[in-house]
Amino acid sequence: MESDRQVHVNAAYDPNLDEPPNYEETRRAVRPSVVSAFGHDTLDRVPNIDFYRNAGSVSGHRAVRPSLQELHDVFQKGGRISVPDTVEDDSEESIGTPSDDLESAVLVDDTKAVKFGWIRGVLVRCMLNIWGVMLFIRLSWIFGQAGWGLGIVIILLSCVVTTITCLSMSAICTNGIVRGGGAYYLISRSLGPEFGGSIGLIFAFANAVAVAMYVVGFAETVVDLMKEHSVIMVDTLNDIRIIGCITVVLLLGISVAGMEWEAKVRAAPCIVFAPNPPVKFKCNQMYYSALHRPSLFSFPLPLCVSLFSAACAVRDATGNLTDLITPGVPCNGPAMAACELGYNFSSCATTKCDFGLNNNNQLMTLVSAFGPLIIAGTFSATLSSALASLVSAPKVFQALCKDNIYKALHFFAKGYGKNNEPIRGYILTFIISVAFILIGDLNIIAPIISNFFLASYALINFSCFHASYAKSPGWRPAYKYYNMWLSLLGALLCCVVMFIINWWAALLTYAIEILLYVYVTVKKPDVNWGSSKQAVSFVSAVSNALDLMGIEDHVKNFRPQILAMTGSVRDRPALLDLANSLTKNYGLCLSCEVFVGPRSEALEEINACMEKNQLWLTKTKRKAFYTAVACEDFRAGAESLLQVSGLGRMKPNTLLIGFKSNWRNSSKETVQCYAGIMHDAFDFELGVLILRMNHGLDMSHIIEAEEEMLKAAKEQQILESGMTPNGGKAKGLFRKSRKHSQQVLTTRVSVCGPPPPQIAKMNEQLMEASVQFKNKQPKGTIDVWWMFDDGGLTLLLPYILTTRKKWKDCKMRIFIAGQPERSELDKEEMRALLQKFRINCTDINVIDDIHMPPRSESLKKFEEMIEPFRLHKSRDSEQADARQKEQPWKITDEELRTFEEKTNLQIRLNELLLANSRAANLIFVSLPIARKESISDYLYMAWLDILTQNLPPTLLIRGNHKSVLTFYS
């Protein structure tokens, strides 16, 4: 082990050196476990739980294992390096650990956190939730409305819902360590931030409103007692509001005091039923026991209370014991049961009665053996439940805010004290509670809360079903007594019950959830929790890809699947944006790059670029994939990409490259490579697209200059502050420290300084052109010069562009070659063909003078272009043959004569393009084909150059001559 762990420098390993590193024979202290396992010093680490902990944080240590690269390089070369057992994370980022994520938060110190046993932590809390406002104040009313038969069904249905939800929650809880946040944490980590974020807000809001419900229930009981003793402050409603507000202020004080006070206050009114269990297991810093289940009380207790109440009271009663049956006076109506007992309460049908199951919310005090005990139970249950909700809501909200799904709410993520108390969340919960307490009507508040909680239960059940359905290897719950289909049934049951309770509250809950879901989906928060949604997406993608393999290609289902040779995705954004426009929602776009050089050197760069480029595509909302290969030769790398890119039917059928505008200044090998890639594409029966823009496509030099400027500015700031980043600690593992002198830094800044005015102007024009296809296109035309029938790709791709929002103001014009004597006939034939293809265009132009020879100045320009690459005929035949053998790549006089007609066609086409399409937004023109081993690479490049000179953005296009259009249904 290195003695100095603050600077994690591997002196023996430098990946930047071209030569193999000099591995020093240095010894290091080895953990006893390593030595005892293998009997000798080894760089490898034995399996240990600390390697799998996700505890990287500021001022925290993470256990690290040597990287594969380190192991591979070292043992391959027979050297040694020293690897620390742990690494101290810096303040900027945690290497290999998700940032701004609850999982990456520092673990709570077990010695400082408040812990609760199974009695205070589980049984007491569950019992006090069961003995709540509904049990004491509203359950008798339910049996009065529904009768004892349907009342039992209601309680049984509730028990079924909660039991299934408990089974689902147990499965999710035992699939890994559960952090703070309750139902929000379970749902978000299972279904992802879209569902988790929406239900997190709903669940936190429901708990805040639950505070109001319990407090209003408490205040309602107090006001009923006041009314019995004729002590009314204002009136019933306002008295409930006054008492409720005073109560919630006191509860807030207890909550802010801390979890210990909250637990003591809640446990005070509860009777302890059983001693501590002999067997315990730890989960989420609380002790749970399988000997003691709150569900044993959740069903029989409410049922017994309800049946006792229903057996002791009728639905409606006047409260007057003298209202007996009088002979001759009819006794019927809703008080028929009272008639059988000798009482006549038929007057309740016309006037409101204050007693009975339907009318008296304090009925339990009348039917109990000792009424004050029920009142005391009501007070303790409502206040403890209100206190629990007042604590729960801020905790859930804090967990949501820490995940930073809704950035505007991150203010509430901060915690205080040893238990990380969400003081800000308490204040917000208090404000919401007071707002609902001012409503003062329990019957309005209760349906909203019930629907919110049922929505949470529905998603918990659906999370369990979804995770099971995804069959992810990461879904390994320790709790086995669950069933995915039972969980799905529970989710559906919760949804049904929501509508049974209150249809408008259910619709409101769904509307809020959908809006929040859409918001998170659009914003795409930077989180990755390995949710089951990702697993299902993967399974679905693989399944669909396999299904496609069993389907033969059909012309009606042709989709452009483009392999765009963009290099790094940021180097040629215009090329990528055009490919994206042609394939978005229609096909596949692959951005590819070839790393040229020795494999050992290219591998490190390619591995670093894979994730960086794909992240850039996602961040800039470009719908494309990035892929790369390392090869000694660029053409060989491109050939590999042409052959193996894609998956099954999702395989590129079209190659998109940029025009090599500097071909005249490039080496013959480079030109041969560029032309050879097109030959390879045609050999593999791919269509070819070549994009040319006057200002060029390559942005790499500007991007590199910007990155160098930023790096230089950062290093300048470090030097001025007189310290290295992170207080002198190197960032990351196995990274060499960089100490730049002032002279080196000054040199870098001078190199990265402002370019000359003409270069700056060219760069500015290039920057504007690079985003041309990303921005909305102005009104104009897309001109299609369909010279040769290639299967219809030349017509299909511009049509696809016209369907895009960015191109909707551009109209398509068609240009075809024709003869002077039949121009109108050619136009009608093309119009009929377009009608059969269901493709609209604004104009069809027949070019009937395309056979005319080009102008002399155009010919002269072409001759000047190819002059440096000409091999003129010599009178000495032996000398001419020798020169041709030495320079076979040059353009001979015989070649020019052989292809004179085709050369003149390209020059003439450029004249016609300038005359007809100079103002177009984009030009599609048929790409001329160069026969292999017949046309030299330089002559072919000259054709492409002269054809596209001085034009707006031009796309040379050639399909693979297989039909991509059909007029059959």
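The values are calculated or read from the model by the stated rules, or taken from the named source; none is laboratory data. Note that this is a predicted model, so its numbers are computed, not measured. Methodologically, a virtual Cβ is constructed for each residue, glycine included, from the backbone with ideal geometry; neighbour enumeration extends over all protein chains shown. Side chains are part of the model used for accessible areas, which takes the heavy atoms of the whole protein and leaves out ligands, DNA and RNA. Shrake-Rupley method; radii C 1.70, N 1.55, O 1.52, S 1.80 Å.
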Filtering region 490-534 for residues that are more than 13 Å from the chain's Cα centre (by Cα) and in a helix (DSSP H, G or I) leaves a count of 26
Qualifying residue in region 383-402 (condition: aromatic (Phe, Trp, Tyr) and under 26 Å from VAL497 (Cβ atoms)): yes
Could you tell me which numbered condition ASN483 fails, if it satisfies all but one of (1) open to solvent by less than 40 Å² (accessible area, probe 1.4 Å); (2) over 24 Å from the mean Cα position of the chain (by Cα)? (1)
The one condition ILE606 fails out of (1) free of Cβ contacts under 8 Å to residues at least 40 places away in the same chain; (2) open to solvent by 70 Å² or more (accessible area, probe 1.4 Å); (3) of a type in the set (Val, Ile, Thr) is (2)
Yes/no for ALA630 being open to solvent by less than 50 Å² (accessible area, probe 1.4 Å), at negative phi and touching a helix residue (DSSP H, G or I) at 6+ places or on another chain (Cβ under 6 Å): yes
Look at ILE164 and say whether it is under 30 Å from GLY490 (Cβ atoms), modelled with pLDDT of 90 or more and in contact with a Leu (Cβ under 7 Å, 6 or more places away or on another chain). yes
For region 181-200, indicate whether the set of residues that are among the hydroxyl-bearing types (Ser, Thr, Tyr) and modelled with pLDDT of 85 or more is non-empty. no
Of the conditions (1) part of a helix (DSSP H, G or I); (2) open to solvent by 30 Å² or more (accessible area, probe 1.4 Å); (3) of a type in the set (A, V, I, L, M), ILE177 fails just one. Which one is it? (1)
In the set LEU834, LEU796, LEU801, which member is in contact with a helix residue (DSSP H, G or I) (Cβ under 6 Å, 6 or more places away or on another chain), among the aliphatic types (A, V, I, L, M) and within 30 Å of PRO560 (Cβ to Cβ)? LEU801
It is to be established whether one or more residues within region 700-711 are aliphatic (A, V, I, L, M), modelled with pLDDT of 75 or more, surrounded by fewer than 13 Cβ atoms within 10 Å (Cβ to Cβ) and assigned to a helix (DSSP H, G or I). yes
Here are the criteria: (1) part of a helix (DSSP H, G or I); (2) within 28 Å of LYS776 (Cα to Cα); (3) out of contact with any Ser or Thr (no Cβ under 9 Å at 6 or more places or on another chain). Tell me which single one ASN845 does not satisfy. (1)
If you take the residues of region 804-823 that are over 22 Å from LYS584 (Cβ atoms) and without any contact (Cβ under 8 Å) to a residue 12 or more places away in the chain, which of them is surrounded by the most Cβ atoms within 10 Å (Cβ to Cβ)? ARG822
Check LEU615 against each of (1) at pLDDT below 90; (2) surrounded by 14 or more Cβ atoms within 10 Å (Cβ to Cβ); (3) in a helix (DSSP H, G or I) and name the one condition it does not meet. (2)
Which listed residue is of a type in the set (Asp, Glu) and more than 55 Å from the chain's Cα centre (by Cα), from ASP843, ASP826, ASP849: ASP849
Filtering region 773-803 down to residues that are over 37 Å from the mean Cα position of the chain (by Cα) and either charged (D, E, K, R) or open to solvent by 40 Å² or more (accessible area, probe 1.4 Å) (or both) yields ASP783, PHE788, ASP789, ASP790
Output for region 662-680, where each listed residue is without any contact (Cβ under 8 Å) to a residue 12 or more places away in the chain and open to solvent by 70 Å² or more (accessible area, probe 1.4 Å): ASN662, ASN665, GLU669
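Each row is one residue, and each column tells you yes or no for (1) assigned to a helix (DSSP H, G or I); (2) modelled with pLDDT of 80 or more; (3) of a type outside the set (A, V, I, L, M, F, W, C).
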| site | (1), (2), (3) |
| --- | --- |
| ILE242 | yes, yes, no |
| VAL248 | yes, yes, no |
| LEU252 | yes, yes, no |
| PHE273 | no, no, no |
| ALA290 | no, no, no |
| LEU296 | yes, no, no |
Read through the list (1) assigned to a helix (DSSP H, G or I); (2) within 32 Å of the chain's Cα centre (by Cα); (3) of a type in the set (Val, Ile, Thr), then give the number of the only condition that VAL216 fails. (2)
Only residues that are within 18 Å of ASP893 (Cα to Cα) and crowded, with 17+ Cβ neighbours inside 10 Å: list them for region 918-967, please. ALA930, ILE935, SER936, ASP937, TYR938, LEU939, TYR940, MET941, ALA942, TRP943
Single condition GLU639 does not satisfy, out of (1) under 27 Å from LYS962 (Cα atoms); (2) in a strand (DSSP E or B); (3) open to solvent by 30 Å² or more (accessible area, probe 1.4 Å): (2)
Kindly check whether there is at least one residue in region 342-356 that is of a type in the set (A, V, I, L, M) and crowded, with 18+ Cβ neighbours inside 10 Å. no
State the number of residues belonging to region 584-596 that are modelled with pLDDT under 85 and surrounded by 14 or more Cβ atoms within 10 Å (Cβ to Cβ). 2
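A quick yes/no check of all residues on (1) more than 13 Å from ILE935 (Cβ to Cβ); (2) modelled with pLDDT of 90 or more; (3) open to solvent by 40 Å² or more (accessible area, probe 1.4 Å); (4) not charged (D, E, K, R):
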| residue | (1), (2), (3), (4) |
| --- | --- |
| GLU863 | yes, yes, yes, no |
| GLU867 | yes, yes, yes, no |
| SER874 | yes, no, no, yes |
| ALA880 | yes, no, no, yes |
| GLN884 | yes, no, yes, yes |
| TRP889 | no, no, yes, yes |
| GLU894 | no, no, yes, no |
